[in-house]
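This report concerns only the one structure given below.
No lab work stands behind these numbers, since they all come straight from the coordinates. Bear in mind the structure is a predicted one, so any value in this text is a computation, not a measurement. Heads up, the Cβs are rebuilt from the backbone with ideal geometry, glycines too, and the neighbour counts pull from every protein chain shown.
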Amino acid sequence: MTQRKRDLGGGGGGGGGGLRGWGAPPSGWLSLLSFAILLLAWLVAFSSRLFAVIRFESIIHEFDPWFNYRATRYLTENGFYHFLNWFDERAWYPLGRIVGGTVFPGLMVTAGLIHHVLNALHVTVHIRDVCVFLAPVFSGLTSVATFLLTRELWNQSAGLLAACLIAIAPGYTQRSVAGSYDNEGVAIFALQLTYFLWVRSVKTGSVFWSVCCSLSYFYMVSAWGGYVFIVNLVPLHVLVLLLMGRHSGRLYVAYSVFYVVGLVLSLQVPFVGFQPVRSSEHMAAAGVFALLQAYAFVHYLRDRLGLTPREFLALFLLCVPLAAVAGTAALVLLTYGGYIAPWSGRFYSLWDTGYAAVHIPLIASVAEHQTPTWWPFFFNLHVLLCTFPAGLWFCLKDINDERVFVALYAVSAAYFAAVMSRLILTLTPVVCVLSAVAFSNVFERYLADENPRNGNNAAITENKDSKRSSGGGRSGKLRKQHVASSSEAGERPGRGPTEAQEKEEEEGGPGIHLRAAVCLTMLFLLALFAVHCTTVTSTAYSHPSVVLTTRGSRGDIDVIDDYREAYYWLRQNTAERARVMAWWDYGYQIAGMADRTTIVDNNTWNNSHIALVGKAMASNESAAYGIMRSLDVDYVLVIFGGVLGQGDDISKFLWMVRIAEGEHPGDVRERDYLNARGEYRVDAGGTRTMFDSLVYKMCYHRFGELQLSARQPAGFDRARGAVIGEKDISFKHLEEAFTSEHWLVRIYRVKKPDNREPLENRLRVHED
Amino acid sequence: MTLNTSPKLLVLLLLAASSSTVLLTRAAAELVNEEVKRTVDLSTHLAKITAELLLHNQGEQAVSSFTLAVEPELAPHLAYIGASVKGDEEEDGTLELKQTTIHGQSGEFYKVMLPSSLAGGAKLRVKVETVYSHVLRPFPTHITQAERQLVVFQGNHYFYSPYVTRSQTTRVRLSTKTVETYTKLGNPSKSDESIEYGPFRDIAPFSEDALKIHYENNTPFLTISSITRIIEVSHWGNIAVEETIDLRHTGAYLKGPFSRYDYQRQSDSGISSVKSLKTILPASAQDVYYRDEIGNISTSHLQVLEDSVEVEVRPRFPLFGGWKTHYIIGYNLPSYEYLYMLGDQYALKMRLVDHVYDDQVIDSLTVKLILPEGARNIHVDTPYPIDRMPDQLHYTYLDTFGRPVLVATKTNLVEQHIQDVVVHYTFNKILMLQEPLLVVGAFYILFFTVIIYVRLDFAITKDPAAEVRMKVASITEQVLTLVNKRLGLYRHMDEVVNRYKQSRDTGALNSGRKTLEADHRTLTNDIASLQARLKAEGSDLAEKVGEVQKSDGQVKELVCRSCQEAERLVAGKIKKEAYIESEKTLAGKRQELVTRIDSLLDAL
């Protein structure tokens, strides 16, 4: 329908009869086109994430995905109820871990379900492949959800563009490449879907959409801890709408249903348990719920009692502050009474960026928990970083209920991303939405031609262009609004038109050359963005990190498979129940690939246990032996990058020391590992304590004899570019059990105590 | 000589009488091993013992079979035994063996059927080949990385046989020169890598005398502790083979630490360890993969040769004594090389077990043959006896009632067992269509559902407002088309006027005007009727259409005016400048009106 109108808009133009040739109803064409674009976006989202699979293989990446994979395998092998009750005695030896109650099961259940359905249809897919390809498939779903959200906020064409943007945006790709089988892979989809359904339910005020929103929220709760973002953003939206005087029956229905159903559903997830009613993070939602009820009640009273505005104001001013004070007091009392848990440390670190470094070295030791500099933003968002404020401006300029939401989403996500580099992930979707709005607006303004003076040709091109750029029936109306307000030419910040162009606009729209220039610039930016995304995905994010590659002198690729070599050795050639001690980073990999019991792993729930391992790693051999005996350790595993020039346990050794010092300040002191000048050295400038530490000895055992190349002396550590300080390393309680080909992984066997303690020196009797 | 042996023969005859295996004993009485040349090959981790016999039938009657015996100590380790006739002609005739027993004697016995019976006094050369696995015991059982591997072989100095042996030599081949000890019966001579025993003469039946050799053997002591071979036949042209292999180093255990430094820097460090093995696959093997539970094993190399595909299978880590590994190797074969058919009859001829490495030992083999869905009347011809398990069903892509799976197991296999198995079955070719039809059907149902869903209204409540809206929308659509057409009329009229201005043909102008009038009237009437319908639906759009009509009337007037002006110009009643002036104002007004109509239409 829009097409015909548009054609008529051409007025004196000659396109009148031309459209008859299109035959089918235009609405059908449009939905087909939208469908095709979405399908392509999905395909692009899927295939651009396959670099790692094509270059390497279908393999699970990094650390956490290995746990998720192992848990999923357990789920498929033992069924859902066994999974919920799973007590993993092979992690956190000797404590064990109640896995069922300490994971977000959404991811595993999703993969398990897909696997189950496929196998029920006799499509025999290995669970590993389901896990590997889950994130790319879900990124396709994410782009559909983003399309829906953007369409609710703006229009169909912006929605399609947003879907295309999120499909390739590196900020999202970084967590969803094939093999990156992690919660975020499905959670971003759930996040976008929940927001879409929330906006939809606020718009319609229908219980149906609100319940859908709660269900989607439930999925999100079951999939990722980031659901806290939703459960705070939605109440914030409601609160801001109330403050803006935009309260409506729709809002009331939407939020009341969402809160109640969502709360009940979120209590069903074992890991979340009673947190939604007992922790401070969730209290904002409850408070807003109460506030909304009070607000509605006051309004009800007004209608019922027929109050005059003056009386109503008095009542309002009496009731609302009273309710607020009562609510806050109740909250404080409950918190002091111990019924509501106070804010967690991770939460504090979101407000005070220095908090973790001081109080929780364990959190601070993870790179992705640190405050990002500007370049991760640019790296992950590229040009969208510049265009998204423009989109935000467009939304604010033409505000309505749902655009308030997206504005809040943008601002809060931007803040969190600035605090913790990992949260760029949650910023990316909203950036894509708003950038799509900005681009779409510009294109509609500059690609469309409503000026009849330009005659037939322009009208025809416009026909084609409008098909490309604008979607559904509402876009025509929207465009008119922009035409109406086009004299306010400042609406495009940043790369706005020059003054001459503005003048031209005042005369009735920019000229054809300007249009072309602007459109080409925009297209160029988008093309640059696409190129950037592909490059970044290919070079930075498509690495399994389990398998390394180096380029040989002839340009051939050498695969360095040391991790799997060593893990597989452990799996095949150690006792079934052997206990392996390693720094917690490798816990999940050892459990997943080597299938052996670990002392600590990436689920860093027990700080003191980790500190104990840190202490063993940092102590001298005999002290460490005591700890290892008490922990029943059979093998110790260290990562050593001195041969390859990789980061390794020596590089993160100071974190082990710090974490150990936090729990055992008397035994481990960071300054003992730093020389007089406060430097951390492995060469002759290092300290005795450093040379005696277990990590140092295990990494450099016999390395002093190894001469890597003719130009370098024996014992030259490539990772640190120095000759090691202590070359003569021997063990009393350990022996080398395995070292991988490039020495990247070294495994030591902890010897059982001798039947009789051998004497250090010969008996004096013989000397006489 | 005969005197010498007669008491023993008597004993044998007595035994035979009691066991009532008369035929055998009579044959035994008459057969003699005239000459035995025995080779004990200990150069690998297997003991391969070959004996060339010269059988002599000393009796009068012809014999059709003879018996081979295996020492009781070695019998449990016997992996393969085979006999062939060494005739004058080049090709050796392989003989059929049947296991049998001899009462009162321990060990294993095999009855060998001769191709033609051996007449009295005749002689026959026979070659007997036996392979024993796990008979070389490492001693010491645990060695360090720097030490060499020493093994002990315990066997028999004599050729173990139910017959008298007239003359026998034994040649032992070793893998290295280093020999710790060896039994010195009959003063054997030792050269570089071999020891020669004998000749021993006139050896009684079932004689045993312990042969013991303790020597260095660093050849790969690899054992496949279990292998599962899955052959999946598809009638679409592909046979997929997958082998899941558990490999173990069964030599001396590694004692103490494993030092990577020594292993890399000293060539003789870990000399008995295994770095890699070479697997030979069929020449047509494609898409070879080599992986384990945690992914591809990136250390392999593939070499395509003319008559085979060679895979250098390198485990993730070198295998030292006692270490094991596990991997999966798989590949595809084109079915035309292995699948034969005649009508509905099919025959699959594949290797029951294939090459994994030279001198392989397989402790336990499981073969699973997956035939296409719908294969019936399955019949298997195996080259040697093998234990059939109950058949299973296998479901994979697009299967509905499952593919039949033949399962068979066997233990203790060596290279000599690489032989073909033939599976006959019948398969109805119509069933080939089942899977494509299934896909077509699924898509058909999907599209049909979508069509149904889109076309039909499944709402449980009626929404009158929506219906009205839809009606109004369709009417508006029609109005738009009509108005559009009407505007087209004006453009057409403009052209007529222009032409008139050039040709000055009043007739054409008049007829043009007439058609305009007529078409315009019908269109306007149509629009008016639509407007009335809109009104009936209670839509406020009717008013807008009214406005459109009004503006349109003005447009038409303008068109007529411009037409008249043109006439006047042609008639010379007004000057050209004045005409242009008036035309401009008219055009301006018209433009204005058209814009208004447009905006009204946009609002519809």
**Request:** Shielding by partners for B:386-395, please: the mean number of other protein chain Cβ atoms within 10 Å of each residue's Cβ.
**Result:** 1
**Prompt:** So which of B:K177/B:K324; B:K127/B:K368; A:K652/A:K751; A:K652/A:K727; A:K697/B:K255 end up more than 24 Å apart, counting from Cα to Cα?
**Reply:** B:K177/B:K324; B:K127/B:K368; A:K652/A:K751
**Prompt:** Is there a simple number for the mean count of other chain Cβ atoms within 10 Å of the Cβ of residues in A:566-575, and what is it?
**Reply:** 5
**Asked** Taking neighbour counts of Cβ atoms within 10 Å as a proxy for exposure, in what order, fewest first, do A:Y673, A:Y227 appear?
**Response** A:Y673, A:Y227
**Complete:** Where a ≥ b ≥ c are root eigenvalues of the Cα gyration tensor, a/c under 1.5 meaning rounded, otherwise prolate if a/b exceeds b/c and oblate otherwise, the stretch A:274-426 counts as oblate
**Prompt:** How many angstrom separate the Cα center of the stretch B:330-362 from the Cα center of the stretch B:133-194?
**Reply:** 38 Å
**Item:** Which of A:A285, A:G273, A:V253, positive extreme of dipole for the stretch A:242-337 (C-beta unit charges)
**Value:** A:V253
**Message:** Just want the ordering: A:Y568, B:Y338, B:Y453, from fewest to most Cβ atoms lying within 10 Å of their own Cβ.
**Reply:** B:Y453, B:Y338, A:Y568
**Asked** Roughly how big is chain A's charge dipole about its Cα centre, with Cβ charges of +1 (Lys, Arg) and -1 (Asp, Glu), in debye to the nearest 20?
**Response** 1760 debye
**Prompt:** Could you put B:K368, B:K177 in order, starting from the residue whose Cβ has the fewest other Cβ atoms within 10 Å?
**Reply:** B:K177, B:K368
**Asked** Relative to the Cα centre, what is the charge dipole magnitude of the stretch A:592-690, using +1 at the beta carbon of each Lys and Arg, -1 at the beta carbon of each Asp and Glu, and rounding to the nearest 20 debye?
**Response** 280 debye
**Amide H contacts of B:A62 (H built 1.01 Å from N, under 5 Å, at least 5 apart or other chain)** = B:G120
**Request:** Taking the dipole about the Cα centre of the protein assembly as shown, with the C-beta of Lys and Arg at +1 and of Asp and Glu at -1, give me whichever of B:V559, B:S65, B:S225 is farthest to the positive side.
**Result:** B:V559
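So for chain B, averaging the separation of alpha carbon pairs under 8 Å that are six or more residues apart and normalising by length, what relative contact order in percent results?
About 10 percent, as a whole number.
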**Request:** Compute the length gained on full extension between A:T204 and A:T353: take 0.36 nm times their separation in residues and subtract their Cα-Cα distance, giving the result in nm to one decimal.
**Result:** 49.7 nm
**Prompt:** Which whole-Hz couplings ³J(HN,Hα) result when phi for each residue of the stretch A:638-648 is put into the Karplus expression 6.51 cos²θ - 1.76 cosθ + 1.60, θ = phi - 60°, listed in order with x for Gly and Pro?
**Reply:** 10, 9, 10, x, x, 7, 8, x, 9, x, 8
**Prompt:** How far is helix A:26-47 tilted, in degrees, relative to the longest principal axis of the Cα atoms in chain A, given as a value from 0 to 90 rounded to the nearest 10?
**Reply:** 10 degrees
**Item:** Nearest 10 degrees, 0 to 90: helix A:455-469 Cα axis against chain A principal axis
**Value:** 40 degrees
**Message:** With +1 on the Cβ of every Lys and Arg and -1 on the Cβ of every Asp and Glu, and nothing else charged, how large is the dipole of the protein assembly as shown about its Cα centre, in debye rounded to the nearest 20?
**Reply:** 4220 debye
**Complete:** Between A:N602 and residues 5 or more places away or on another chain, the pairs with built amide H atoms under 5 Å apart involve A:G587, A:Y588
**Asked** All other residues with a Cβ under 13 Å from the Cβ of A:S538 taken together, and with Lys, Arg as +1 and Asp, Glu as -1, what is their net charge?
**Response** +2
**Complete:** Hits for chain B under the membrane-span-like helix rule (DSSP H, Cα axial span at least 18 Å, Kyte-Doolittle mean at least 1.0) are B:2-19, B:434-455
**Item:** In order through the stretch B:354-366: 3J(HN,Hα) via Karplus (6.51 cos²θ - 1.76 cosθ + 1.60), integer Hz, x for Gly, Pro
**Value:** 10, 5, 10, 7, 5, 6, 6, 10, 10, 6, 8, 10, 10
**Fill in**
Taking Cα atoms only, helix A:621-630 is inclined relative to the longest principal axis of chain A by an angle, in degrees rounded to 10, of 70 degrees
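Within the stretch B:573-604, list the trypsin sites (Lys or Arg not before Pro) lying in a DSSP loop whose Cβ has at most 14 other Cβ atoms in a 10 Å radius. Don't skip to the answer; put the middle values down first.
Numbers: sites: B:K573, B:K575, B:K576, B:K584, B:K589, B:R590, B:R596; in loops: B:K573, B:K575.
Hits after loop and neighbour filter: B:K573, B:K575.
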**Prompt:** For the stretch B:33-48, in order, what is each residue's ³J(HN,Hα) by Karplus, 6.51 cos²θ - 1.76 cosθ + 1.60 with θ = phi - 60°, in whole Hz (x at glycine and Pro)?
**Reply:** 7, 5, 8, 10, 10, 10, 10, 9, 9, 10, 6, 10, 7, 9, 10, 9
**Complete:** Output for the stretch A:697-732: trypsin sites (Lys or Arg not before Pro) sitting in coil per DSSP, at most 16 other Cβ within 10 Å, listed by number, reads A:R711, A:R718, A:K727, A:K732
**Request:** Name the long-range amide H neighbours of A:S619: under 5 Å, sequence gap of 5 or more, or other chain; modelled H, no Pro or chain starts.
**Result:** A:L694
**Other protein chain Cβ atoms within 10 Å, averaged over every residue that makes up B:291-303** = 5
**Fill in**
Between A:D556 and B:N238, Cβ-based FRET efficiency (R0 25 Å, step 0.05) works out to 0.20
